[in-house]
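A short write-up of the structure that comes next.
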Amino acid sequence: MTSNHGRPLLPRISGDGSFSLYSPEFAEGFHSADGALGEARRVYVEPAQLDRFPRKSRLVVVDVGVGTGTNTAALIESIQKRELMMTWWGLEQDPLPSQLALDDPGFQAQWPQPVLSQLNQLIHGDTLLWGDARQRLADLQRLQAGHCDLVLLDAFSPRRCPQLWSQEFLRGLASLLTPQGRLITYCSAAAVRRSLITAGLRLSAICSPQGSGRWSAGTVASPTPLPDVPPLRPLTPMELEHLNTRAGEPYKDPGGCGTAEDILAARSLAQQGSRAESTSEWQRRWRLTDGAQ
C-alpha cells in the first residue's frame, strides 16, 4: 500500500518487538530501532508526568504527526490507569500509517482492548484534522489556544521534514499550551530548541535511557519552569552552548507553505552568513565526534 506521497510504507518490527513502519519517501523509520512502544512510553508518556493531574481531571492533548497512533495509544493506556479523561486532537496528513497499524495483529496485541477501542474512535473521529499540519494548526488555534495540557510532536526529522520544525510552526504549537502545559518531542536539535525558547518556552531535556549526561532522549518545553525530576533534567552547559552555534540557526517558513527544499536552502544560506561559532568548532571544544544536530 502506498502513502499520500505515492511511495510504499514498509512494516517493521522494532527492537522491543512492537509494530513500526519505514518510509522510503523520507528515508526514515517512524520510530527508533530500539522499539516503538518503548519510545512512546519513555519519550512521550513518562515526561508528561501524569501523576501531577488530580484523578478525574480532563486533559487536552494534541498529537502532531499521529502516524501509527502508538504515542496516543501509550498515552491512553496511562490515562486510563490513572482514571483521567482526555480531549484529543490529532494533526496528520496521511491516513495510511494508522490504517496499517490498526489492521495489524501484532499492533493489536500490544494493547488492552479498552485502549484499542478508544484509539479506533479517535483515529476515525472528528478531532483528527487531516491535511497539511501547518494549515490545520490555524484551525486548532481558533479552538484550543491556551487550553492544551500536552502537545506531542513526532514528525519526521528536521532534515527530512523541516516544515514541521520551523520557527513559525513551533510558535503556533506553543500558543496552544496552558501555563503548565508541555510540548514533548524526541528532537534535541539546536535549531528546534532555540525556536522553542524564542517562542517563550522554558526547556528541559529528557534523560537518556543509557544514563549519559552528554546526550538526551528529547526535549520538553513549557511556558513555566519545569521540575528537575527524572525523567527531566536541565540542559547541560554543552547543550546550552550548542544553541548558539550555527546548528541553532532556525528553520524558517514565514508563509507556512514552503517546500522542504526551499526551507533547507534558506537555512543553509543563513548559516553560511552567520558569525556564530561553527558546529565543528563546538564539537572540538567539547571533544565530540558525532551526535550534534
Item to check | Unmet criterion (only one of (1) small (Gly, Ala, Ser); (2) farther than 25 Å from Pro225 by Cβ; (3) crowded, with 18+ Cβ neighbours inside 10 Å) for Ala174 | outcome: (2)
Checklist outcome for this item: Ala189 meets each of (1) at positive phi; (2) in contact (Cβ under 8 Å) with a residue 40 or more places away in the chain; (3) of a type outside the set (Phe, Trp, Tyr) with one exception, condition (1)
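Conditions tested, residue by residue: (1) more than 15 Å from Trp88 (Cβ to Cβ); (2) in contact with a helix residue (DSSP H, G or I) (Cβ under 7 Å, 6 or more places away or on another chain); (3) outside any helix (DSSP H, G or I).
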position	(1), (2), (3)
Leu170	yes, yes, no
Leu183	yes, yes, yes
Ser188	yes, no, yes
Leu203	yes, yes, yes
Ala221	yes, yes, yes
Checklist entry - Mind checking which pairs have a first residue in segment 102-124 that is in contact (Cβ under 8 Å) with a residue 40 or more places away in the chain and a second that is among the charged types (D, E, K, R), Cβ under 7 Å, 6 or more apart or different chains? => result Val115/Glu77
Checklist entry - Could you list, in sequence order, the residues of segment 215-267 that are of a type in the set (Lys, Arg), more than 18 Å from Thr185 (Cβ to Cβ) and without any contact (Cβ under 8 Å) to a residue 60 or more places away in the chain? => result Arg246
Checklist outcome for this item: Among residues of segment 159-168 being surrounded by 23 or more Cβ atoms within 10 Å (Cβ to Cβ) and not polar (S, T, N, Q), the residue nearest to Ala27 (Cα to Cα) is Pro162
Checklist entry - Here are Ala266, Ala247: which of them is over 22 Å from the mean Cα position of the chain (by Cα) and surrounded by 17 or more Cβ atoms within 10 Å (Cβ to Cβ)? => result Ala266
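None of the figures in this text is laboratory data; all of them are computed from the coordinates on show. Given the structure is predicted, the values throughout are model-derived calculations rather than measurements. So basically every Cβ, Gly included, is an ideal-geometry build from the backbone, and we count neighbours across all protein chains shown.
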